[in-house]
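The values are calculated or read from the model by the stated rules, or taken from the named source; none is laboratory data. Fair warning: this is a prediction, and the values are worked out from it, not measured in the lab. With ideal geometry, Cβ positions are generated from the backbone for all residues, glycine too; neighbour counts draw on all protein chains shown.
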Amino acid sequence: MSPLIQRRKKRAKRIRAFRQWHKTIGVSLLLFFFVMALTGVLLGLKDVLGLKPSTAKAEVLSLNEWVSLQQINTNAIAYAKAQQLDTLIDRVDVRIDKGIAKVLFKRHFTELQVAGSTGEILSVRQRGDHFIERIHDGSIVEFYAEQTDTVKMIYSTLVGLGLLALSLSGYFLWAAPKKNPAKKD
């Protein structure tokens, strides 16, 4: 067998392997890719779709005129208790330029908007974008199963490596015919 025919056979075998690799990974991770893509689009459009509450109006004062973060925390916990919600706070986003502190909870999707000047709760809304974000990054399993970040790490790594593998195999499938086009003998 001539060296040219041997090279062509090796090349054809390599292309078949890349095609099989590409197909296997794509089919195996299709559901994950679909969920990540759909939730990514929703997160990109969260303001347009109304998934994130608009910021309430409050008196804008300098930060040293605000009530303490402890007072904001206390008021948020009191509200959560009164509504029979879990009181564990995830974070407080302070918006100095709007005079608002947004209190977000760890075990539910309620957002409280608290006036920085008085500590009064101005708005109570559900954060649909946080729910979608948890689906997007895989932490929704941990949210409901109350586990560690293991599922999120596995999900993110699996999808990331899958996309990388698909990108590489897709590139080789695309570039292979262009690199050495079939020659007539």
Practice item. State whether one or more residues within segment 105-128 are surrounded by fewer than 17 Cβ atoms within 10 Å (Cβ to Cβ) and either at positive phi or assigned to a helix (DSSP H, G or I) (or both). Key: yes
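Limited to segment 25-79, what total is found for residues that are part of a loop (DSSP other than H, G, I, E, B) and either closer than 21 Å to PHE105 by Cα or modelled with pLDDT under 90 (or both)?
Of all residues in segment 25-79, those part of a loop (DSSP other than H, G, I, E, B) come to 29, 45, 50-62, 66-68.
This time we only want the ones that are either closer than 21 Å to PHE105 by Cα or modelled with pLDDT under 90 (or both), so: 50-62, 67-68.
Residues flagged as part of a loop (DSSP other than H, G, I, E, B) and either closer than 21 Å to PHE105 by Cα or modelled with pLDDT under 90 (or both) within segment 25-79 amount to 15.
Residues are listed down the side, and each one gets a yes or a no for (1) in contact with a Cys (Cβ under 7 Å, 6 or more places away or on another chain); (2) under 19 Å from ILE135 (Cα atoms); (3) loosely packed, with under 14 Cβ neighbours inside 10 Å:
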site	(1), (2), (3)
MET1	no, no, yes
LEU4	no, no, yes
ILE15	no, no, no
TRP21	no, no, no
LEU31	no, yes, yes
MET36	no, yes, no
Review point. What number of residues within segment 42-58 are loosely packed, with under 13 Cβ neighbours inside 10 Å and at negative phi?
Key: 5
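Using the structure shown, decide if ARG107 is of a type in the set (D, E, K, R) and touching a residue at least 40 places away in the same chain (Cβ under 8 Å). Don't jump to the end; show me each part of the working.
Numbers: of a type in the set (D, E, K, R): yes; touching a residue at least 40 places away in the same chain (Cβ under 8 Å): no.
No.
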Exercise for review: Among the residues of segment 114-140, write down those that are touching a Phe, Trp or Tyr at 6+ places or on another chain (Cβ under 8 Å) and of a type in the set (A, V, I, L, M, F, W, C).
Suggested key: ILE121, VAL124, PHE131, ILE140
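Determine, yes or no, whether SER2 is without any contact (Cβ under 8 Å) to a residue 60 or more places away in the chain and of a type in the set (Gly, Ala, Ser).
So SER2 passes the test.
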Check your understanding: Could you say whether any residue in segment 57-74 is in the same structural domain as LEU168 (by TED's automatic domain parsing) and under 30 Å from the mean Cα position of the chain (by Cα)?
Key -> no
